[in-house]
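Peer 1: Once you've had a glance at the structure underneath, I'll fire off some questions.
A short reminder: the numbers here are calculations on the coordinates, not readings from a lab. Every value quoted in this text rests on a predicted model; they were computed, and no experiment measured them. Cβ: placed from backbone, ideal geometry, glycine included. Neighbour counts: every protein chain shown.
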Amino acid sequence: AQSVAQPEDQVNVAEGNPLTVKCTYSVSGNPYLFWYVQYPNRGLQFLLKYITGDNLVKGSYGFEAEFNKSQTSFHLKKPSALVSDSALYFCAVRDTGKLIFGQGTTLQVKP
Amino acid sequence: DTAVSQTPKYLVTQMGNDKSIKCEQNLGHDTMYWYKQDSKKFLKIMFSYNNKELIINETVPNRFSPKSPDKAHLNLHINSLELGDSAVYFCASSPGQVLTFGSGTRLTVV
């Protein structure tokens, strides 16, 4: 079965610093990978996806993610964090018509 | 012009009651989903419908019954509510790869 893991419950960064939120995957075949963000009391919002092609994927709000096949990772990155980026981030993998989500990582950006 | 709308936003009810949550999408998507987010924020698929046909049922208790009257609507009916059903329930729709989520229904069973 396909799965993703997010090894960090929380990531803390200072505003203006680069941020990374980690995700590793376990799939059979080629992975379809996604990042979503959830702000408090809101639904999930799509950030970006990797299906095929370039390993560096650019998404919404200045986020990008790097697909690394040898390390089975799909880490989310942003060069300069904003306080407004503080939220819950989910990595997900597609599995037979549905998305399987990781356990989520809370990102706290301090001013 | 909300893309995926769920009602109600909040639902507080007593154990043993029956309740429904409604979901509508105006995106023209063929596939709709129900996900449950527990108190630890973990998201789990419950059901998926494609053009009114049930295609995914992830070992959810049969107290939960989804109904899709047309491809723009997927409602969730829950019988004999239990304390453990307390969670946030998200509806979503998709044309293929990317899901668009509603803002959720917070169900509290007391």
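Peer 1: Write down the Kirkwood hydrodynamic radius of the stretch A:2-49, to one decimal in angstroms, obtained as one divided by the mean of 1/r over all alpha carbon pairs.
Peer 2: 13.0 Å
Peer 1: Next question. In peptide B:42-51, what is the residue-averaged number of other protein chain Cβ atoms found within 10 Å of each Cβ?
Peer 2: Whole-number average of other-chain Cβ neighbours for B:42-51 is 3.
Peer 1: For peptide B:88-97, compute the average count of partner chain beta-carbon atoms within 10 Å of each residue's beta-carbon.
Peer 2: Mean partner shielding for this stretch: 2.
Peer 1: Shifting gears a bit: For the stretch B:1-35 and the stretch A:1-70, compute the distance between their C-alpha centroids and round to whole Å.
Peer 2: That distance is 27 Å.
Peer 1: Show me A:38-51, A:92-105 ranked by packing, highest mean number of other Cβ atoms within 10 Å first.
Peer 2: For the peptides A:38-51, A:92-105, the packing ranking is A:92-105, A:38-51.
Peer 1: For chain B: lysine pairs with Cα atoms under 15 Å, gap of 8 or more or different chains, count?
Peer 2: 11
Peer 1: If you don't mind, there's one more thing I want to ask. Dipole size in debye (nearest 20) for chain B around its Cα centre, Lys and Arg Cβ +1, Asp and Glu Cβ -1?
Peer 2: So the magnitude is around 240 debye.
Peer 1: Provide a whole-number value for the mean count of partner chain Cβ atoms within 10 Å of the Cβ atoms in peptide B:61-73.
Peer 2: For peptide B:61-73, the averaged partner shielding equals 0.
Peer 1: Okay, moving on. For the protein assembly as shown, just list the percent of Cα-Cα distances falling in each 10 Å bin from zero outward, please.
Peer 2: 8, 33, 34, 20, 5, 0
Peer 1: Okay, moving on. Quick one: what are the phi-derived ³J(HN,Hα) couplings along the stretch B:6-12, Karplus 6.51/-1.76/1.60 with θ = phi - 60°, whole Hz, x for glycine and proline?
Peer 2: 10, 9, x, 7, 10, 8, 10
Peer 1: Pick from A:Lys22, A:Lys77, A:Lys69: which residue has the top mean-square fluctuation in a GNM of chain A where Cα pairs under 10 Å get a spring?
Peer 2: Fluctuation is largest for A:Lys69.
Peer 1: Treating the beta-carbon of each Lys and Arg as +1 and of each Asp and Glu as -1, no other charges, what is the dipole magnitude of the stretch A:19-69 about its Cα centre, to the nearest 20 debye?
Peer 2: Dipole about the Cα centre, nearest 20: 120 debye.
Peer 1: To the nearest 20 Debye, how big is the dipole of the protein assembly as shown about its Cα centre, given +1 on the beta carbon of each Lys and Arg and -1 on that of each Asp and Glu?
Peer 2: In total the dipole reaches around 100 debye.
Peer 1: Starting from the Cα of B:Leu54, step 7 Å toward the Cβ, then list every residue of the stretch B:67-107 with an amide N under 17 Å from that point.
Peer 2: Within reach of a label on B:Leu54, which here means backbone N under 17 Å from a point 7 Å along Cα→Cβ, the stretch B:67-107 contributes B:67-71, B:73-80.
Peer 1: Hey, another quick one. For chain B, take N as its residue count and report Rg(C-alpha) divided by 2.2 N^0.38 Å.
Peer 2: The reported ratio for this selection is 0.99.
Peer 1: Once you have the Cα-Cα distance between B:Lys9 and B:Ala72, take 0.36 nm times their residue separation minus that, and quote the gain in nm to one decimal.
Peer 2: Going from the current span to full extension adds 20.8 nm.
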